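Each remark here refers to the structure printed beneath this line.
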Amino acid sequence: MILINDPKAYKIAECFVIGEVGFDFYCTNWENLEKDAECGTAHMAKLMDTKIVYSRTPEVLNRYMELRVKAKAILDAPFSSDVLSRAEAEYVNAEKAFSRLMRAPDDLFICRVAAVEILYYVENAVCILNKTYYKLGVKRIFEEFSRMERVPEDFEKLIIELTKAKDAKS
């Protein structure tokens, strides 16, 4: 991950493979990391698990580490109404996406975009309720969900059915 201060720097983001090793020069900014530190998403590995190999100044590294400590404190705190509020915000977003899907049942593009949004927000909510985040990457989410205590019944099956749906009726 590369922490940037200028939106033009996103141009340096790159993914490539050398031999059998994949590299991902992923860019983010302070605003995104500060949001991640609030633990309102399942995509926090860039904050929590990134190995720091270079920091421009000790102050930059300290600021980053303070965000990591803040997020860890939230994740380690007892289950509370704050957890429910953060998960509920994601469910509300999923409901809005579902509403868009139902208003355009014959528009396959809108249906697919809304379906992806529904999955994204519900998966976020499940991770928030379990006080965790994706550690293995999105390609292994079913493995991640299998380790969680609070997961909707038949969640994997429902996700697969949604991804295979041909329209809003199926």
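The values are calculated or read from the model by the stated rules, or taken from the named source; none is laboratory data. In this text, all values refer to a predicted model and were calculated from it rather than measured experimentally. Every residue, glycine as well, gets a Cβ built from its backbone with ideal geometry; the counts of neighbours run over all protein chains shown. Calculation scope for accessible area: heavy atoms of the full protein, side chains included, ligands and nucleic acids excluded. Shrake-Rupley method; radii C 1.70, N 1.55, O 1.52, S 1.80 Å.
Quick look at the values:
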quantity	calculated
Test for Phe142: is it loosely packed, with under 13 Cβ neighbours inside 10 Å, touching a helix residue (DSSP H, G or I) at 6+ places or on another chain (Cβ under 7 Å) and more than 17 Å from Leu75 (Cβ to Cβ)	yes
Members of the stretch 37-58 that are touching a residue at least 24 places away in the same chain (Cβ under 8 Å) and either part of a loop (DSSP other than H, G, I, E, B) or more than 12 Å from Ile2 (Cα to Cα) (or both)	Ala37, Glu38, Cys39, Gly40, Thr41, Ala42, His43, Met44, Ala45, Met48, Asp49, Thr50
Criterion (outside any loop (DSSP other than H, G, I, E, B), under 23 Å from Glu144 (Cβ atoms) and either of a type in the set (Lys, Arg) or open to solvent by 50 Å² or more (accessible area, probe 1.4 Å) (or both)) met by exactly one of Glu34, Glu88	Glu88
Hits in the stretch 145-170 - residues which are under 20 Å from Ala114 (Cβ atoms), in a loop (DSSP other than H, G, I, E, B) and open to solvent by 100 Å² or more (accessible area, probe 1.4 Å)	Lys166, Lys169
Count of residues meeting criterion [farther than 18 Å from Met65 by Cα, modelled with pLDDT under 80 and in a strand (DSSP E or B)] in the stretch 1-21	1
Tabulated pairs, the stretch 93-118, first open to solvent by 80 Å² or more (accessible area, probe 1.4 Å), second at pLDDT below 90 and assigned to a helix (DSSP H, G or I), C-beta under 7 angstrom, 6+ apart or interchain	Arg100/Ile110
Boolean, Leu61 is over 30 Å from Lys169 (Cβ atoms) and either open to solvent by 40 Å² or more (accessible area, probe 1.4 Å) or assigned to a helix (DSSP H, G or I) (or both)	yes
Meets criteria (assigned to a helix (DSSP H, G or I) and exposed (fewer than 13 other Cβ atoms within 10 Å of the Cβ)) for Glu66	yes
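Conditions (1) farther than 30 Å from Thr50 by Cα; (2) of a type in the set (A, V, I, L, M, F, W, C), marked per residue:
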position	(1), (2)
Ala71	no, yes
Phe79	no, yes
Leu84	no, yes
Ala87	no, yes
Ala94	no, yes
Met102	yes, yes
Cys111	yes, yes
Glu123	no, no
